[in-house]
Amino acid sequence: LADDMGLGKTLQALALMVKEQRAGAHLVVCPTSVTSNWKEQIERFTPSLQALLYTGKERAELLSQLQPGQVIICSYRMLLQDQDKLCHPQWNLALLDEAQYIKNPEAKTSRACFSLKADMRVTTSGTPIENRLSELWSIFRFLNPGLLGSLASFRKRFEQPISEGSSQS
């Protein structure tokens with residue numbers, strides 16, 4: 001989901017989480033600066049969901065007791081730090097907020113996100129492309145691995161022709 005600033009993306013994501021709440025626990029990965037905001041929005045707009053911040057010394061205990069309808073809210077930094085723990089559960093839905101954080105597919109944070117196990121994957125971003133079209137490839141690598149081919153083929157087929165101003169496909 002991508003649109004201008006505001007609650008549009010968040011509300012759409014929350015609606016999906018409510019619809020799928022019986023299917024399992026959800027994971028939201030977002031910048032540290034908005035983890036509390038996610039918790040507040042979940043509590044305000046979707047009280048049937050249980051929002052839990054993945055922080056503190058006992059954070060790993062949250063993962064041993066996952067229940068349908070729970071939403072674990074984790075920062076990108078914490079995902080990188082606890083990758084082995086967070087990539088083990090099978091999440092019903094894994095959502096990356098501000099998905100431009102994974103624009104570099106070779107970065108450790110991106111690889112940690114790629115290794116999440118989830119039945120559904122969602123990304124939200126007001127800025128899906130900041131500098132190069134290949135940043136979009138990385139987001140789609142998370143959403144649907146293989147859809148856009150390899151990074152090299154994506155660059156050859158799409159990024160180079162677009163940056164050169166041609167309309168080849």
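In a fully extended conformation the segment linking Ala152 and Glu106 would gain 15.3 nm over its present Cα-Cα distance, using 0.36 nm per residue. Longest stretch of the chain clear of exposed loop sites (GluC sites (Glu not before Pro), DSSP loop, at most 16 other Cβ atoms within 10 Å, sites excluded): 59-105. Counting only alpha carbon atoms, the long axis of helix 35-45 and the longest principal axis of the chain meet at about 70°.
When the accessible area of segment 56-127 is split by element with a 1.4 Å probe, what percent falls to carbon and sulfur?
46
In this structure segment 1-155 gives 50 Å² per residue of accessible area when probed at 1.4 Å with all protein chains present.
Taking each of Lys19/Lys156; Lys39/Lys156; Lys39/Lys103 in turn, the alpha-carbon distance tops 32 angstrom for Lys19/Lys156; Lys39/Lys156. The modelled label-to-label distance between Lys19 and Ser48, using points 7 Å beyond Cα along the C-beta direction, is 1.3 nm.
The values are calculated or read from the model by the stated rules, or taken from the named source; none is laboratory data. Fair warning: this is a prediction, and the values are worked out from it, not measured in the lab. Note that we place each Cβ from the backbone using ideal geometry, even for glycine, and neighbour counts take in every protein chain shown. Just so you know, the surface numbers come from the protein's heavy atoms only, side chains and all, with ligands and any DNA or RNA stripped out. Shrake-Rupley method; radii C 1.70, N 1.55, O 1.52, S 1.80 Å.
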